[in-house]
Every structure is written in structure tokens, then in C-alpha cells.
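Any read-out appearing in this document is the output of simple, stated calculations on the displayed coordinates, not a laboratory observation. Since the structure is predicted, the reported quantities are computational estimates derived from the model, not experimental observations. Note: ideal-geometry Cβ built from the backbone for every residue, glycine included; neighbour counts use all protein chains shown.
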Amino acid sequence: MAPWEILPHPSDLLVRVSARDRRELFAEAVRSTFQLCARPVGGWPSAIETREIAAGGDDEAAVLRRLLSDCLHEFESDGFLARDVEVEAIGPRECRVRLAGACFRPDQLEVAHVIKAVTWHGLAIRDERDRVCAEILHDL
């Protein structure tokens, strides 16, 4: 089973992420957000930088939304794409991730989707049998 998939939606980008546990779910949600934004045209440079993002919120759905919004900001502000994602700490009201990636100029990227925001609409994290899942709606 793929860690994430795009679901039909009439106007925005609906993504379903599935994982074995919450740590993996948050990591896959971050990976999907970067991959949905863009990919490097000429591959990854040899110089990779690391960045940390710490997100908090009233519940785990709010934490996930804040985390993905902060990742989107990293991409929008200076073209940063994460190649690798490590969830360093996770709890019901916080998450800290380490991103390894690089900054790219616009001409070095193949843009897939112009995501304006990670929305609250329908955002929930659910346990389903032996998996944990989330549906995330990105505003285009």
C-alpha cells in the first residue's frame, strides 16, 4: 500500500495518508506535501542542509495542519524541498521534525501544484484496523 494517494476532489487537492503509526503518518504527510509542490529538475545537489520544524496545537489534527503549513512556508519562502524527513518527537499536542533537503531556484523546479494553504476542512486522524490515516485538503 502506498503511503499516500490523491483522492478525487472537484476543486482542491485531497490527499489520503496511511501509515503504521502516528510517527510514520506525520513523516509521510510531510513528504507528500513537498512532493506535491515540486521536484528538482536536475536532481538533488550534493550539499544537503537540515532544518527543524516544531509545531504545536490543541490536538493532533491541529499539530499536523501547523506542521504541514510550516513546511509549505519553507518551500514558498526560499524554494526549500525536503528529501528526507525524520520525526524526532511526537505527542498529542506537538511534533518536531528534522528535514534534510535543499533550496532551489524556480528554474530548477518542476512545479506540480501551487498549494495556497493546508485547510481545516475534514482534517482528522483516524485509527483504521492496523493503520492510522489522515485526509488532508490542500487549497489550490
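Return the label of the correct value of semi-axes √(5λ) of the Cα gyration tensor in Å, as calculated from the structure shown, out of (i) 26, 16, 15; (ii) 21, 19, 14; (iii) 23, 17, 14.
(iii)
Magnitude of the Cβ-charge dipole of region 4-139, K/R +1 and D/E -1, about the Cα centre, nearest 20 debye?
120 debye
Arrange the following residues from fewest to most other Cβ atoms within 10 Å of their Cβ: THR119, THR50.
THR50, THR119
Quote to one decimal, in nm, the extra length available between GLU135 and ASP84 on full extension: 0.36 nm per residue of separation minus the C-alpha distance between them.
16.2 nm
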